[in-house]
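Participant: For reference, the structure I am asking about is given below.
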Amino acid sequence: MTLTDTGPLVALINTVDQHHARCAAALAALPAEPLLTSWPCFTEAMHLLWRGGGYRYQAALWDMYRDGRLVLHELTAAEILRMTRLMERYRDTPMARADASLVAAAETLGLRRVFTVDGQFYVYRLGDGSALAVVP
């Protein structure tokens with residue numbers, strides 16, 4: 001699965017989003033499997049989708065989840081603690097809660113690819129010092 005940040009979730013639904021075309025093309029090139037996101041990213045996307053298009057955009061995100069195209073990762077207690085350490089480490093970047101949740105999940109799940117429009121993911125490092133592969 002591909003870890004998915006807030007930006008692509010919004011851009012895939014909101015066709016006037018500046019990243020829509022790039023995210024749609026990237027999605028078509030990804031393996032044919034569900035996207036994986038965290039509750040913090042899902043919640044943030046819901047907020048931004050409401051602001052960008054109201055409930056119909058939010059309903060489209062729920063449809064992605066309901067149809068199995070999007071899986072929500074349940075953060076463990078250990079991952080939540082890891083998020084606090086990551087946010088402290090990258091406090092000068094700064095690191096958002098949603099970003100920290102994806103890095104913590106990547107470490108736990110052994111995933112190395114993140115679908116994001118956020119350039120800060122080029123800075124973040126996993127616990128072993130490796131970087132995530134950023135899509136697009």
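The values are calculated or read from the model by the stated rules, or taken from the named source; none is laboratory data. Everything numeric here is computed off the predicted structure, so don't read it as measured data. Here the Cβ is made from the backbone with ideal geometry for all residues, glycine too, and neighbour counts use every protein chain on show.
Participant: Scanning for something among the aromatic types (F, W, Y), under 16 Å from the mean Cα position of the chain (by Cα) and surrounded by 12 or more Cβ atoms within 10 Å (Cβ to Cβ), does the stretch 122-129 turn up at least one residue?
Facilitator: Step one: list which residues in the stretch 122-129 are among the aromatic types (F, W, Y), which gives 122, 124.
Now restrict to residues that are under 16 Å from the mean Cα position of the chain (by Cα): 122, 124.
After this cut, where a residue has to be surrounded by 12 or more Cβ atoms within 10 Å (Cβ to Cβ) as well, the list is 124.
Yes, the stretch 122-129 has at least one match.
Participant: Moving on. Can you confirm whether L30 is in contact with a helix residue (DSSP H, G or I) (Cβ under 9 Å, 6 or more places away or on another chain), modelled with pLDDT of 95 or more and not charged (D, E, K, R)?
Facilitator: On the way: in contact with a helix residue (DSSP H, G or I) (Cβ under 9 Å, 6 or more places away or on another chain): no; modelled with pLDDT of 95 or more: yes; not charged (D, E, K, R): yes.
Criteria not met by L30.
Participant: Give the residues of the stretch 101-136 that are assigned to a helix (DSSP H, G or I) and either among the basic types (K, R) or touching a Pro at 6+ places or on another chain (Cβ under 7 Å) (or both), sorted by residue number. Explain how you work it out, then say what you get.
Facilitator: Keep residues of the stretch 101-136 that are assigned to a helix (DSSP H, G or I), which gives 101-109, 119-122.
Result: S101, single match.
Participant: Would you mind listing the helices (runs of 4 or more DSSP H) fully within the stretch 1-100 where at least 1 residues are touching a Cys at 6+ places or on another chain (Cβ under 7 Å) and more than 19 Å from L132 (Cβ to Cβ)? Before the answer, list the steps.
Facilitator: Values: elements: 6-13, 20-29, 39-53, 55-66, 77-89.
Of the helices (runs of 4 or more DSSP H) lying wholly inside the stretch 1-100, those with at least 1 residues that are touching a Cys at 6+ places or on another chain (Cβ under 7 Å) and more than 19 Å from L132 (Cβ to Cβ) span 6-13.
Participant: Restricted to the stretch 36-65, and to residues that are of a type in the set (G, A, S), over 20 Å from A105 (Cα atoms) and in contact (Cβ under 8 Å) with a residue 40 or more places away in the chain, which residue is surrounded by the most Cβ atoms within 10 Å (Cβ to Cβ)? Steps first, please.
Facilitator: Taking the stretch 36-65 first, the residues of a type in the set (G, A, S) are 38, 45, 52-54, 59-60.
When the remaining residues are screened for being over 20 Å from A105 (Cα atoms), the result is 52-54, 59-60.
Next cut, in contact (Cβ under 8 Å) with a residue 40 or more places away in the chain only: 52-53, 60.
Details: G52: 15, G53: 18, A60: 15.
Within the stretch 36-65, the match that is surrounded by the most Cβ atoms within 10 Å (Cβ to Cβ) is G53.
Participant: Take Y90 and decide whether it is of a type in the set (F, W, Y) and either more than 25 Å from V123 (Cα to Cα) or touching a strand residue (DSSP E or B) at 6+ places or on another chain (Cβ under 6 Å) (or both).
Facilitator: no
Participant: Here is a further query. Modelled with pLDDT of 95 or more and under 19 Å from F42 (Cβ atoms): does that describe A78? Before you say what the answer is, go through the steps one by one.
Facilitator: Values: modelled with pLDDT of 95 or more: yes; under 19 Å from F42 (Cβ atoms): no.
Taking the combined requirement at face value, the residue does not satisfy it.
Participant: While we're here: Can you work out which of the residues in the stretch 66-105 that are among the acidic types (D, E) and closer than 25 Å to L12 by Cα is surrounded by the most Cβ atoms within 10 Å (Cβ to Cβ)? I'd like the intermediate steps shown before the answer.
Facilitator: Within the stretch 66-105, the first condition is being among the acidic types (D, E), and the residues that meet it are 67, 74, 79, 88, 92, 99.
Filter again for closer than 25 Å to L12 by Cα, leaving 67, 74, 99.
Working: D67: 9, E74: 8, D99: 27.
So, considering only residues that are among the acidic types (D, E) and closer than 25 Å to L12 by Cα, the one surrounded by the most Cβ atoms within 10 Å (Cβ to Cβ) is D99.
Participant: Right, another one. List the residue pairs whose Cβ atoms are under 9 Å apart, where the first residue sits in the stretch 116-136 and is of a type in the set (D, E, K, R), the second is in a strand (DSSP E or B) and buried (at least 19 other Cβ atoms within 10 Å of the Cβ), and the two are 6 or more positions apart or on different chains.
Facilitator: Going by the 9 Å Cβ cut-off, there are no qualifying pairs.
Participant: Count, please, the residues in the stretch 106-121 that happen to be surrounded by 18 or more Cβ atoms within 10 Å (Cβ to Cβ), touching a strand residue (DSSP E or B) at 6+ places or on another chain (Cβ under 8 Å) and among the aliphatic types (A, V, I, L, M).
Facilitator: Adding up the residues that qualify gives 3.
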